[in-house]
Amino acid sequence: MIKQLKSGQAAAGKSDRDAKVRETVETILADIESRGDSAVREYSEKFDKWSPASFRLGHAQIDACIAALTPQALADIKFAQAQIRRFAQIQKSSMHDVEIETLPGVVLGHRNIPVNSVGCYIPGGKYPLIASAHMSVLTAKVAGVKRVVACAPPFDGKPSNEIVAAMALAGADEIYCVGGVQAVAAMAIGTDTFKPVDMIVGPGNAYVAEAKRQLFGRVGIDLFAGPTETMVICDDSVDAELVAVDLMGQAEHGATSPAFCITTSKSIAADLPAAIEKVLGRLDTAPIASVAWRDYGEIILCDTDEEMLAEADRLCSEHVQVMTKNPDWFLQRMTNYGALFLGPRTNVSYGDKVIGTNHTLPTMGAGRYTGGLWVGKFIKTHTYQRVLTDEASVQIGEVCSRLCALEQLSGHKEQADIRVRRLKAVAG
């Protein structure tokens with residue numbers, strides 16, 4: 001039997017907040033489309049207190065940011081990027097162009113073509129999220145994107161040395177220090193300073209997410225992103241402290257970040273609240289993580305692995321850590337999630353920062369119908385066809401003509417009929 005021992009509360013006034021975010025973003029997008037760079041600068045001054053001579057960083061500024069890093073920081077960024085690049089290259093190698101003769105004289109195929117230009121948004125106002133540069137810029141370059149634009153807000157009143165270095169080392173073609181909706185809008189809509197891109201990727205706050213939603217269609221996007229979500233599926237093979245650390249390690253992202261513990265261990269279910277309080281006592285981010293746990297934390301006690309599987313698929317969390325005696329049992333059976341982290345030796349932080357898989361993942365149940373950001377998101381698969389013989393064109397054309405007649409589309413029918421008539425006349 002499934003027992004809900006702790007429930008998260010519904011967000012009060014969520015609809016009202018969503019409406020205010022939507023209206024604010026609509027106004028900013030319309031203003032930037034109308035006034036371009038001057039509007040971008042006004043919003044940057046308003047929201048980030050940032051109005052440099054140029055939002056775009058020059059080579060000297062980028063080199064200075066890289067030079068400001070310690071050798072260890074630089075080595076660690078390069079190590080992380082090597083892991084992410086290696087896995088992205090393996091993913092790309094799994095994608096193949098195809099061409100096949102499906103009938104005598106009928107050739108069908110597809111080509112995998114990279115998007116021409118991508119704008120990568122790297123959050124950095126609250127925390128300098130260096131890893132988001134690896135995950136977006138580097139993956140796009142591995143995919144073969146010709147022009148990659150990277151934007152991040154100022155951190156502590158200036159460009160973040162770490163983020164700029166990560167952008168540059170990942171291969172960004174243009175780097176801008178500008179944040180929020182104004183950055184996303186400038187990249188998508190274009191201004192005198194910003195040449196527009198074909199696709200926008202990267203995480204961000206509710207306003208950035210809403211900007212991407214409103215711009216979708218005008219440009220492509222990676223995902224509709226909500227607050228970070230984490231789930232731990234566990235049995236008595238681990239202890240409450242480890243579970244608490246892994247839950248709070250993601251709850252620190254924001255006060256609305258859900259954190260779920262699904263367990264068959266009565267002792268973990270009983271000990272977890274106290275373990276979380278103990279862990280919070282050693283986290284600088286406890287004021288955020290504690291609110292997330294209070295308002296959005298859940299403890300679900302199950303009798304069997306099958307019940308844990310059912311609950312995990314129902315909740316469809318962004319990050320799912322499986323710390324059970326047989327984590328591969330869940331790997332083979334789970335269908336709804338963003339990414340899996342199997343066994344106690346790994347955790348979400350490894351995936352977020354360094355191990356090589358991408359950390360831009362579906363939230364709010366989107367794992368039911370999409371995976372996360374990967375090299376394939378930057379690649380379009382386009383089909384083509386050719387007919388090599390008159391006989392093949394007549395064969396296909398006669399069937400096509402009859403099908404068009406069933407649909408009462410005379411123009412479509414005539415496209416087939418004219419070829420059948422002419423090619424039969426040639427043959428006769």
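Given the -39500 (n - 2.57) contribution per DSSP H run of 4+ residues, what per-residue ellipticity at 222 nm results for the chain, rounded to the nearest 500 deg cm²/dmol? Don't jump to the answer; show the numbers that get you there.
Values: 16 runs with 199 residues, N = 428.
Helix contribution divided over all residues of the chain: -14500 deg cm²/dmol.
Using 1/(1 + (r/R0)^6) with R0 = 41 angstrom and r between the beta carbons of Gln332 and Phe224, what's the FRET efficiency to the nearest 0.05?
It comes to 0.90.
Assuming 1.002 mPa s and 20 °C, estimate D for region 103-214 with Stokes-Einstein, Rh taken as the Kirkwood radius over Cα pairs, in µm²/s.
On the way: Rh = 14.5 Å.
Reported coefficient: 148 µm²/s.
Given the C-alpha atoms of region 318-428, compute the convex hull and give its volume per residue in Å³. Walk me through the intermediate numbers first.
Details: hull volume 21.5 nm³, N = 111.
For region 318-428, the hull spanned by Cα atoms encloses 194 Å³ per residue.
Please compute the per residue accessible area over the chain with all protein chains in place, 1.4 Å probe, rounded to a whole number of Å². Can you show the working numbers first?
Details: 20720 Å² over 428 residues.
Per-residue value: 48 Å².
Can you tell me how much longer the chain between Thr381 and Arg294 gets when fully stretched, taken as 0.36 nm per residue apart minus their C-alpha distance, in nm with one decimal? Walk me through the intermediate numbers first.
On the way: separation 87, 0.36 × 87 = 31.32 nm, distance 4.48 nm.
Working it through step by step, the gained length comes to 26.8 nm.
In percent, what relative contact order does the chain have, based on Cα pairs under 8 Å that are 6 or more apart in sequence? Numbers along the way, then the final one.
Values: 831 pairs, mean separation 82.6, N = 428.
Relative contact order for the chain comes out at 19 percent.
Hey, could you get me the Stokes-Einstein D for region 147-207, Kirkwood radius over alpha-carbon pairs, 37 °C and 0.692 mPa s, rounded to whole µm² s⁻¹? It would help to have the intermediate numbers written out before the result.
Numbers: Rh = 12.0 Å.
Reported coefficient: 273 µm²/s.
Taking every DSSP beta bridge that has both residues in the chain, what percent is antiparallel when rounded to the nearest 5?
On the way: 19 of 53 bridges.
Among the beta bridges of the chain, antiparallel pairing accounts for roughly 35 percent.
At a 1.4 Å probe, what is the % contribution of carbon and sulfur to the accessible area of region 201-343?
Details: 2870 of 5590 Å².
For region 201-343, the apolar C and S fraction of the accessible surface comes to 51 percent.
Over region 8-148, with every protein chain in place, what whole percent of the accessible area is carbon and sulfur at 1.4 Å, could you tell me? Before the final figure, lay out each step's value.
Details: 4300 of 7630 Å².
C and S atoms contribute 56 percent here.
Over all alpha-carbon pairs in the chain, figure out the percentage whose distance exceeds 29 Å. Before the final figure, lay out the partial values.
Numbers: 49988 of 91378 pairs.
Result: 55 percent of Cα pairs exceed 29 Å.
Can you run the Rg to Rh ratio on region 191-302? Use alpha carbon positions and the Kirkwood inverse-distance Rh. Write out the running numbers ahead of the final one.
Working: Rg = 18.3 Å, Rh = 15.8 Å.
Here the Rg-to-Rh quotient is 1.16.
Which ³J(HN,Hα) values in Hz, rounded to whole numbers, follow from the phi angles of region 347-359 under the Karplus curve 6.51 cos²θ - 1.76 cosθ + 1.60, where θ = phi - 60° and Gly and Pro get x?
3J(HN,Hα) across region 347-359, in whole Hz: 6, 5, 4, 4, x, 5, 10, 8, 6, x, 6, 7, 9.
Please compute the Kirkwood hydrodynamic radius over region 15-104, one decimal place, Å, based on all pairs of different Cα atoms. Don't skip to the answer; put the middle values down first.
Values: mean 1/r = 0.0535 Å⁻¹.
Value: 18.7 Å, from the Cα pair sum.
The values are calculated or read from the model by the stated rules, or taken from the named source; none is laboratory data. The model shown is predicted, which means the values in this text are computed figures rather than measured ones. Neighbour counts are summed over all protein chains in view; Cβ atoms, including those assigned to glycine, are modelled from backbone coordinates with ideal geometry. In case anyone asks, the SASA skips ligands and DNA or RNA and just uses the protein heavy atoms, side chains included. Shrake-Rupley method; radii C 1.70, N 1.55, O 1.52, S 1.80 Å.
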